[in-house]
Amino acid sequence: MEREIRGGASVGRRHRGVVFLAALGSCALVAASAVPAAAHGGGGGKAQEYVALGDSYTSGPVIPRQVDANCARSDHNYPSIVAARLGTTPFKDVSCAGATTEHMWKAQGTNGPQLDAVRRNTDLVTVQIGGNDIGFGTIIATCAQLAAQDPSGNPCQRYYGASGVDRLSVAIAETAPKVAQVLRDVHKRAPHARVLVVGYPDLLPDDGSGCAPSVPFAAGDFPYLRDTGKRLNHMLRLVARWNHAEYVDTYGPTIGHDMCKPPADRWIEPLRPASPAAPAHPNAKGEAVMAEAVLHRLGHGRHGH
């Protein structure tokens with residue numbers, strides 16, 4: 001998912017992250033009850049211009065048919081499925097593997113700044129970003145490496161919490177204002193658009209169980225990494241609420257189809273994929289399920305899905 005990762009946060013930034021985490025926890029119930037529904041909420045109408053922003057979970061690396069080698073973008077990713085169902089014209093998918101929030105304003109190879117695709121006439125925008133800001137790729141590699149030292153323990157959790165503060169929780173907190181700025185810029189560029197923040201799917205068993213060596217993490221790190229994913233999604237949900245956007249839950253619909261499941265049942269591929277997909281990423285079925293979650297939010301979901 002990630003091509004590069006920035007260095008660790010300074011002590012001052014970590015302190016601000018801890019403060020922001022506390023604010024997330026204390027404000028969750030207030031946000032849920034006090035913030036009105038998104039200005040563009042409601043069901044059903046056809047979107048005339050749809051722009052998809054995001055990282056590799058959006059672009060769909062390796063999934064046939066790849067239509068942009070620079071960004072590892074598939075024409076069977078969830079934005080393409082959503083656009084086909086809605087009949088949107090025009091449809092612009094500028095998602096790109098390796099994207100962080102800064103690539104909303106900064107080019108990635110041949111992919112220009114993603115926000116440049118959002119225009120005043122755009123009336124639907126989906127955004128799935130933040131995973132690379134916290135370092136998904138590096139986290140997976142680090143935890144897999146540490147598991148060899150203590151396969152029955154939680155070496156990854158101990159590593160990220162060695163200072164007494166969980167660095168991944170801090171990274172999530174520090175990503176929140178970055179995602180918020182993306183949403184503010186989307187609203188500025190497309191003031192009438194309906195904006196959906198798409199969460200990340202369930203990568204590991206929701207019950208905290210493990211499946212090493214297929215997914216090579218230590219037994220105690222499976223629940224830790226599961227909870228990290230949930231914290232990231234919780235942050236995205238709150239930032240969406242606070243910035244007049246709607247949140248699309250893709251975690252719930254993918255429970256039971258994580259990368260520990262047998263090939264026929266999983267929608268997220270493990271580190272050695274059996275279906276065409278990048279490691280630890282949705283396969284074609286996973287992208288289709290995320291598309292259904294977006295369509296359901298838009299009022300176009302299929303009955304019984």
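Taken together, the values in this text are just the output of simple stated rules run on the coordinates, not laboratory data. Predicted model, so just to flag it, every value in this text is computed and none were measured. Positions of Cβ are backbone-derived with ideal geometry, glycine not excepted, and every protein chain shown enters the neighbour counts.
Using the basic label-point model (7 angstrom from Cα toward the beta carbon), what is the residue 89 to residue 150 distance in nanometres?
6.0 nm
Sequence-distant or interchain residues sharing an amide H contact under 5 Å with residue 247, placed H: which?
197
Could you run the Karplus curve 6.51 cos²θ - 1.76 cosθ + 1.60 with θ = phi - 60° over region 48-64 and give me ³J(HN,Hα) per residue in whole Hz, x for Gly and Pro?
Values, residue by residue: 8, 9, 10, 10, 10, 10, x, 9, 5, 5, 8, 5, x, x, 6, 5, x Hz.
Give me the extension gain from residue 105 to residue 296: residue separation times 0.36 nm, minus the current Cα-Cα distance, reported in nm with one decimal. Intermediate results must be reported in sequence, preceding the final value.
Details: separation 191, 0.36 × 191 = 68.76 nm, distance 2.95 nm.
Separation in residues times 0.36 nm, less the Cα-Cα distance, equals 65.8 nm.
Check which residues have an amide H placed less than 5 Å from residue 93's amide H, if you skip close sequence neighbours.
Long-range HN contacts for residue 93: 52.
Scattering from the C-alpha atoms of region 107-166 alone, worked out with Debye: what is log10 I(q)/I(0) at q = 0.21 1/Å?
With no solvent term, the Cα-only Debye profile gives -0.89.
For every other residue with a beta carbon closer than 9 angstrom to the beta carbon of residue 295, add +1 if it is Lys or Arg and -1 if Asp or Glu, then tell me the sum.
Values: positive: 85, 297, 302; negative: 292.
Summing Lys/Arg as +1 and Asp/Glu as -1 gives +2.
Counting only residues 5 or more places away or on other chains, whose amide H sits under 5 Å from the amide H of residue 128 once H atoms are built in the peptide plane?
53, 54, 55, 198
Using a cut-off of 16 Å between alpha-carbon atoms, which aspartates and glutamates can reach residue 178, once sequence neighbours fewer than 8 places away in the same chain are excluded?
Leaving aside aspartates and glutamates fewer than 8 places away in the same chain, those within reach of residue 178 are 55, 102, 133.
Only loop residues by DSSP count here, and only those with at most 10 other Cβ atoms within 10 Å; note down the trypsin sites (Lys or Arg not before Pro) in region 172-251 that meet that.
Working: sites: 178, 184, 188, 189, 194, 226, 230, 231, 237, 241; in loops: none.
In loop regions of region 172-251 (DSSP not H, G, I, E or B), there are no sparsely surrounded trypsin sites (Lys or Arg not before Pro).
With θ taken as phi - 60° and the coefficients 6.51, -1.76 and 1.60, list the Karplus ³J(HN,Hα) couplings across region 247-256 in order, rounded to whole Hz; mark glycine and proline as x.
Once rounded to whole Hz, the list reads 9, 10, 7, 9, 6, x, x, 9, 4, x.
Can you work out the Karplus-derived ³J(HN,Hα) for every residue in region 215-221? Use 6.51 cos²θ - 1.76 cosθ + 1.60 with θ = phi - 60°, whole Hz, and x for glycine or proline.
10, x, 10, 5, 4, x, 8
In whole Å, how far is the Cα centre of region 257-276 from that of region 220-234?
18 Å
Using the number of other C-beta atoms within 10 angstrom as an exposure proxy, rank 259, 290, 104 with the fewest first. Please report the intermediate quantities before stating the final value.
Values: 259 27, 290 30, 104 24.
If I rank by nearby Cβ atoms, fewest first, I get 104, 259, 290.
Take residue 255 and residue 212, extend 7 Å from each Cα along the Cα→Cβ direction, and tell me the distance between the two endpoints in nm.
Using points 7 Å along Cα→Cβ, the separation is 2.6 nm.
Need the full-extension length gain, residue 264 to residue 184, defined as separation in residues times 0.36 nm minus the C-alpha distance. One decimal, nm.
Numbers: separation 80, 0.36 × 80 = 28.80 nm, distance 4.06 nm.
24.7 nm is the gain from fully extending residue 264 to residue 184.
How charged is the neighbourhood of residue 267? Take every other residue with its Cβ under 12 Å from the Cβ of residue 267, and add Lys/Arg as +1 and Asp/Glu as -1.
On the way: positive: 261, 266, 285; negative: 202, 258, 265, 269, 287, 292.
Neighbour charge sum, excluding residue 267 itself: -3.
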